[in-house]
Amino acid sequence: MPTYDLIMYDEEFQKIKEILSRLRMDTNAKVAFLVDKNGQQIAAQGDLEGLDTTSLASLTAGNVAATDGLAKLIGEREFSVLFHEGERDNIHISIVGQRVILVVIFDERSSLGLVRLRVKKASQELEKVFDDILKKVEKEKEAMAGGFESPFAEITDEDIDALFSE
Amino acid sequence: MTFINYSAREINIKLVYYGPGLGGKTTNLQWIYNKTDPEAKGKMISLATETDRTLFFDFLPLDLGTVKGFKTRFHLYTVPGQVFYDASRKLILKGADGVAFVSDSQEARMEANIESLKNLEKNLKEQGYDLRTIPYVLQFNKRDLPSAVPVEEMYRLLNYKGEPTFEAIATRGIGVFETLKAIAKLVLLDLKKK
């Protein structure tokens, strides 16, 4: 596997949620959420009612991936910030530590300048959390010596069949 | 890349449907979407052209239940099959945990099947994956068409590593869930090894 599996522990998960929550309050934004580059939602904070966060996550990642492709075409490493302006709501998308995508949805109660400023700060904090996660995973792998003990090590055919039973 | 969240006790898995243009990848997803309990599925997104050709991807999230106390969430993607959308195909393959190859049984499409399979192998390699090791299943779609090539012949042409293979008529749902189940199973069993 070229990429590590993303593993999230409770401690870091809580930290991420705190950072997002603070970011949202500091910017007066509606929603702050975090997606991995493959389109899987990691955490979300804010006014999520009526918002299809799964679709949002997948489309955001698609958007970033396509923009990444564009960047490479013209010889850029990446476009680290994307901004979509709507009539009421705007979306600010930024890439954190080349790994995850931070999305902020805001309206006229906030401003692009404020969002940019606060996102920068939150990104640094998030980057640190993800570094910690990586270290933790590495450590666990070492501790296991023979290999990482996946919670799925004991998975059986019956478990899997049960998923598909009507 | 599987995403395991110990805190929320969730596991997220990305499955990609690959294959030549007009082979029935989107139809597979649509059947799954239509036949899945509304509780278990999210919205299906299709980024398609005006003529319903997939432009970027189709996306369907499925929550199938729990395994070992973990909520198991599958994200199904299709790639655009048309040859010139290769850049988009590469993007969608990123982070895939498993691939289902939907081939078209019509004789006239055999060449396109082979080309698409080669393209899959190449694009996986570019991402650092290997088709020989990634969970992979093969589907022979459109078995109902009069010009369908015999299964043995298709197997000879398209079999890559003795992967699980299914005959299908995606428009009628035949073989669709069998394919999904097989690839999901391979991915989950693959987690065992990690």
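Any read-out appearing in this document is the output of simple, stated calculations on the displayed coordinates, not a laboratory observation. Just so it is clear, the structure is predicted and the values come from calculations on it, not from any experiment. So basically every Cβ, Gly included, is an ideal-geometry build from the backbone, and we count neighbours across all protein chains shown.
If we count trypsin sites (Lys or Arg not before Pro) as exposed when they sit in a DSSP loop and have at most 12 other beta carbons within 10 Å, what is the longest stretch of chain A that avoids them all? With a cap of 12 other Cβ atoms within 10 Å, the longest stretch comes to A:1-76.
The rule of thumb for compact globular proteins, 2.2 N^0.38 Å, goes into the C-alpha radius of gyration of the stretch B:105-155 1.31 times.
For the stretch B:99-113, putting each phi into the Karplus relation 6.51 cos²θ - 1.76 cosθ + 1.60 with θ = phi - 60° gives couplings of 10, 10, 9, 9, 9, 9, 6, 5, 4, 5, 9, 4, 4, 5, 4 Hz, in residue order, rounded to whole numbers and with x for Gly and Pro. For chain B, modelled as a GNM whose springs connect Cα atoms under 10 angstrom apart, the maximal fluctuation among B:R73, B:R89, B:R156 occurs at B:R156. Measuring spread by the Cα atoms of the protein assembly as shown yields a radius of gyration and Dmax of 20.8, 64 Å.
Count the net charge of all other residues whose Cβ sits under 12 Å from the Cβ of B:E115, scoring Lys and Arg as +1 and Asp and Glu as -1. Counting the neighbours of B:E115, the net charge comes to -1. Across the stretch B:127-139, rounded Karplus estimates of 3J(HN,Hα) from the backbone phi angles (6.51 cos²θ - 1.76 cosθ + 1.60, θ = phi - 60°) give 8, x, 9, 9, 4, 6, 10, 6, x, 8, 10, 10, 10 Hz, Gly and Pro being marked x. The residues neighbouring A:V119, those whose beta-carbon lies less than 13 Å from its own, together hold a net charge of +3 under the Lys/Arg +1, Asp/Glu -1 convention.
Note that the stretch B:115-124 has calculated 3J(HN,Hα) couplings of 4, 5, 5, 4, 5, 4, 4, 5, 5, 5 Hz, one per residue in order, obtained from phi through the Karplus relation 6.51 cos²θ - 1.76 cosθ + 1.60 (θ = phi - 60°); glycine and proline are x. The GluC sites (Glu not before Pro) of the stretch B:60-158 include none that meets both conditions, a loop assignment by DSSP and at most 15 other Cβ atoms within 10 Å of the site Cβ.
Between amide H atoms placed 1.01 Å from N, distances below 5 Å from B:F166 occur with B:L138, B:Q139, B:F140, all of them 5 or more places distant or on a separate chain. In whole Å, how far is the Cα centre of the stretch B:127-164 from that of the stretch B:12-83? About 19 Å separates the Cα centre of the stretch B:127-164 from the one of the stretch B:12-83. For the stretch B:84-187, the direction-averaged projected area of the alpha-carbon convex hull comes to 6.5 nm². Annotation: aspartates and glutamates with alpha-carbon distance below 16 angstrom to B:K125 (same-chain offsets under eight excluded): B:D86, B:D97, B:E115.
In chain B, helices alone account for a calculated mean residue ellipticity at 222 nm of -10000 deg cm²/dmol, with every DSSP H run of four or more residues adding -39,500 (n - 2.57).
Using the Stokes-Einstein relation with a Kirkwood hydrodynamic radius computed over Cα pairs, the translational diffusion coefficient of the stretch A:3-89 at 4 °C and a viscosity of 1.567 mPa s comes to 89 µm²/s. Relative to the longest principal axis of the Cα atoms of chain A, the long axis of helix A:112-143 lies at roughly 10 degrees.
Compactness of the stretch A:73-143, taken as the C-alpha radius of gyration over 2.2 N^0.38 Å, stands at 1.41. Per residue, the convex hull spanned by the Cα atoms of chain A measures out at 163 cubic angstrom. Computed from Cα positions, the angle between helix B:176-193 and the longest principal axis of chain B comes to roughly 50 degrees. With no solvent and one point per C-alpha, what does the Debye sum give as log10 I(q)/I(0) for the stretch B:3-145 at q = 0.08, 0.14, 0.21 Å⁻¹? For the requested q values the scattering log ratios are -0.22, -0.67, -1.35.
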